[in-house]
Amino acid sequence: MSEPVLQTKGIEKSFFGVQVLKGIDFEVRRGEIMGLVGENGAGKSTLMKIITGLYTNDGGTILFEGNPVVFPDPSKARDVGISIIHQEFNLFSQLSVAENIFLDRKDYRNRYGIVDWKKMYGDAERILRELGADLDVRTLVRQLSVREQQLVEIAKAVSANAKVLIMDEPSAALPDNEVQKMFHVVRMLKDRGVAIVYISHRMKEIEEICDRVSVLRDGRNEGVVEMSKGKVDDVISMMIGREISDYYPHSRRSFGQVVLRVEGVSGQGLEETSLEIKSGEVVGLYGLAGSGTTDFAEIVMGLSRRSAGKVFYKEAEVKRDSIKAAMSAGIAYVPPDRRKEGIIVMMDITQNTVMANLRAYEKAGVLQNKKIYEKVEEHVENLQIKCAGQSQQVLRLSGGNQQKVVLAKWLDRNPGLLILNEPTRGVDVGAKSEIYRMIDKLANEGLGILMISSEVPEVLGVSDRVVVMCRGRVTGEYVNEGIGQDVLLKAASSNAGGEENE
Amino acid sequence: MRKFLADYIKKDGNRNVVLLIVYLVIQTAAFSILLPNFMTVSNFQNLMRQSAELGMVSIPLAIVLMTGNIDLSIGSVMGVCAISMARMLRAGLPIPAAVLFTVCIGALAGSLNGFCVAKLHLDGLVATIGTQVMLRGFCYILTGGRSVSGLPSEFTRVSKMYVLGVPISFLLMLAIFAVAIFVMQKTRIGIQVHAVGYNARASRFSGIEADKIKFRLFVMSGCVAAIASMFMLMRFASAESEFANGYDTDTLVAILLGGINIAGGSGNMLGAFLGLITVAILKNGLNHIGMTATYQQFIVGLLIVISAVRLPKKRD
């Protein structure tokens, strides 16, 4: 077993008197892919920022190749061979691939400051070829796909002779079918002896690519797991601090009357779609990107234009193209893009929570602040929103708690039908399981729930019935009893017009 | 108390309020020590009369800014209203009828802006620069290049009326401010205006009808401009085609100083009010010193730039 290239011992860090890292030991060896997992706020990013010199630690030491090191800033860390690829890439979109790779290098300038373009292009081509990337080094970065941009980031690290490469959520921005290609490059680097730190929320990827996994929880080490098949459950229970047998709670319940009936609805990205949801029923709507699931939700909600078809809420027809009509009927919609559509980050929890239901708190046109306070307090408690108080800006909440605020906003209207679009996107494992439990609880209380998701395990975990969409049409509908993942995937990528799966 | 103050400053838009109060106290103290004629009843009555109209129009503009929009046509709207008013009075229309018609004209001009922004979805800057130039052109047409004067004295003398020594235009301005502060803090509209300014998409997804709010704000802005223009007309007793020209910028100056974010969302009415008072006292004081308007303009501009400077946040 080789010595660790990079090792930390007892790293401590506090922000404004709050200790976020409480003595972290971490190590990664040559040619190893070390996963780093933990819920949001567990301390992963802070640890990496300390390692790369963006933050200074209050206590503990960093050892690189056995020697203690302190980096005053990230460029010094990179110079010795520790590179980091952030979730948001650090590229200049108006510069070429080659320029981005060698941006702050002096080797390509002669003593008059003139750039040796031939050498730069040549070196860039060589590095990218080694990575198996077929890219024109003269292309501007803004013309590249996300995966290609990521390759440029990796090339940057390789060109700096990285011995340690830290990848923060490398798959977050990638389309599903390109994750494997990224893995291929990562494995190649591993074979070359690079030590890789792989930070991710996606357990499937952790299971597939990591040799070992370090788990952090609340700024402490929970342990290191040698990965092999089936170990991922251990990792998750270490992360959330309890067993995961009840990760997807799913009660048996009987359904009531039909709450939503959609008949042959068409519109932008949607063709003659019909769907029924009963009270107490959780329907999973599964589809890949561009399948029309979001279009379906937005058209039902009146957010985008309906060109044909009818929508009924409990037998009453809902006026088209009006979110107000959908809302006052009793439909609620938690959109997929939390920061752009769900919450207003600069406003506080109170304001965000009552945003969609302000009229209910009016008395002679004046808002009843006491009533608002009490009601929001109730939501904060019921949904276990972790915050410093109602008046905290939503910006300062973790992804999971922000999502709970969106949920609170809609539950405040007492809807009969709740549409959740990717409710667990960008949410950590702990908050995920709380959201699943919430869905189950709400269905038990008689709400009809439509959960749109592109994650198969989640769809199969919480739904009573699964509807699959592809290219704006329903391509499959199944009662959720022993259907396999492959069946859903097949329906989601079928080109057929669709009823054969019934 | 210290904690309360620290929390208050941290809240968006309040930083300027606190700084302005401090600055205002220092400025007023300095002027009253240096200038013998500054701390007099007649000077303050004058000051109040001069700032009343600016104060009125700054109220709807501040709210328009909070929604992430802008209205640069206020001066032109005031011009059209004042000239129409003057002509109606000259034609012998009874004062109440003329007032009513003038407010209607203001509302109409406002709904033109509202139509461009809320219905045609034009950029507020583009739309209101357009209407600014358009309506100023209309001013020239209405006056035919001559000034309209010879207004009935029952009308012009209103500007010299006081309640407990305070000009009634100033009282009216305070009343409008009070209503605006109440509406922005205690009603649904307040939350919705900020929401639209911070994130228009998310507010649409919460069922807030941003277009409706924007339209109404522009109409309101037009009505208030009409009222302000009448008080100005009383003071000047005549209207010419350049009436209230450049007033849009003066108004913006006052509310930007008050910490209203031009990008929408943050800011509060108290800040707008303090900004207005600060500029008014500054200009008045500089007048007493004997500084000409051109230099005053330089100093006010400098103040805006300084007030907009934010110390860079410390890393870590």
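The values are calculated or read from the model by the stated rules, or taken from the named source; none is laboratory data. Computed from a predicted model, the values in this text were never measured in an experiment. So basically every Cβ, Gly included, is an ideal-geometry build from the backbone, and we count neighbours across all protein chains shown. SASA here: full protein model, heavy atoms, side chains in, ligands and nucleic acids out. Shrake-Rupley method; radii C 1.70, N 1.55, O 1.52, S 1.80 Å.
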*Could you please let me know if B:R49 is within 30 Å of B:G285 (Cα to Cα), of a type in the set (K, R) and open to solvent by 30 Å² or more (accessible area, probe 1.4 Å)?*
yes
Picking from B:G110, B:G106, the residue that is surrounded by 21 or more Cβ atoms within 10 Å (Cβ to Cβ), more than 14 Å from chain A (Cβ to nearest Cβ), within 26 Å of B:F243 (Cβ to Cβ) and touching a Phe, Trp or Tyr at 6+ places or on another chain (Cβ under 8 Å) would be B:G110
Per the filter on region A:120-150, residues closer than 21 Å to A:L189 by Cα and touching a Lys or Arg at 6+ places or on another chain (Cβ under 8 Å) are A:R147
When every residue in region B:159-211 that is more than 9 Å from chain A (Cβ to nearest Cβ) and of a type in the set (D, E, K, R) is compared, the one most open to solvent (accessible area, probe 1.4 Å) is B:K160
Of the residues in region A:133-177, those that are among the charged types (D, E, K, R) and open to solvent by less than 40 Å² (accessible area, probe 1.4 Å) come to A:E153, A:D168, A:E169
Can you say whether A:D73 is at pLDDT 90 or above and acidic (D, E), as far as the supplied structure shows? no
Among the residues of region A:347-370, the number that are crowded, with 19+ Cβ neighbours inside 10 Å and at the interface with chain B (Cβ under 7 Å from one of its Cβ atoms) is 6
The lone condition A:V427 fails out of (1) within 12 Å of another protein chain (Cβ to nearest Cβ); (2) within 27 Å of A:T293 (Cα to Cα); (3) β-branched (V, I, T) is (1)
By residue number, the members of region B:136-159 that are over 26 Å from the mean Cα position of the chain (by Cα) and touching a residue at least 60 places away in the same chain (Cβ under 8 Å) are B:G145, B:R146, B:G150, B:P152
Exactly one of A:Q384, A:Q351, A:Q390 is polar (S, T, N, Q) and part of a helix (DSSP H, G or I), and that one is A:Q351
Within region A:13-60, the residues that are in contact (Cβ under 8 Å) with a residue 24 or more places away in the chain, hydroxyl-bearing (S, T, Y), part of a loop (DSSP other than H, G, I, E, B) and open to solvent by 20 Å² or more (accessible area, probe 1.4 Å) are A:Y55
Of those in region B:212-249 that are of a type in the set (F, W, Y) and under 27 Å from B:H121 (Cα atoms), the residue least open to solvent (accessible area, probe 1.4 Å) is B:F218
Within region A:283-294, residues over 18 Å from A:Y478 (Cα atoms) and either of a type in the set (V, I, T) or surrounded by 22 or more Cβ atoms within 10 Å (Cβ to Cβ) (or both) come out as A:G292, A:T294
- Query: Do we have A:Y333 as under 24 Å from A:K432 (Cα atoms) and within 11 Å of chain B (Cβ to nearest Cβ) here?
  - Reply: yes
Over region B:124-158, the set of residues part of a helix (DSSP H, G or I), of a type in the set (V, I, T), over 23 Å from B:G55 (Cβ atoms) and open to solvent by less than 50 Å² (accessible area, probe 1.4 Å) is B:T143
From the option list A:N414, A:N421, A:N444, single residue qualifying as at pLDDT 85 or above, of a type in the set (S, T, N, Q), open to solvent by less than 10 Å² (accessible area, probe 1.4 Å) and under 30 Å from A:V354 (Cβ atoms) is A:N421
The correct count of residues that are open to solvent by 40 Å² or more (accessible area, probe 1.4 Å) and within 12 Å of chain B (Cβ to nearest Cβ) in region A:295-326 is 1
Scanning region B:53-78 residue by residue, those part of a helix (DSSP H, G or I) and surrounded by fewer than 24 Cβ atoms within 10 Å (Cβ to Cβ) turn out to be B:L54
Selection from region B:232-252 of residues among the hydroxyl-bearing types (S, T, Y) and in contact with a helix residue (DSSP H, G or I) (Cβ under 6 Å, 6 or more places away or on another chain) yields B:S241, B:Y247, B:T251
Selection from region A:181-227 of residues open to solvent by less than 70 Å² (accessible area, probe 1.4 Å) and either outside the structural domain of A:R147 (by TED's automatic domain parsing) or in a helix (DSSP H, G or I) (or both) yields A:M182, A:F183, A:V185, A:V186, A:M188, A:L189, A:K190, A:M203, A:E205, A:I206, A:E207, A:I209
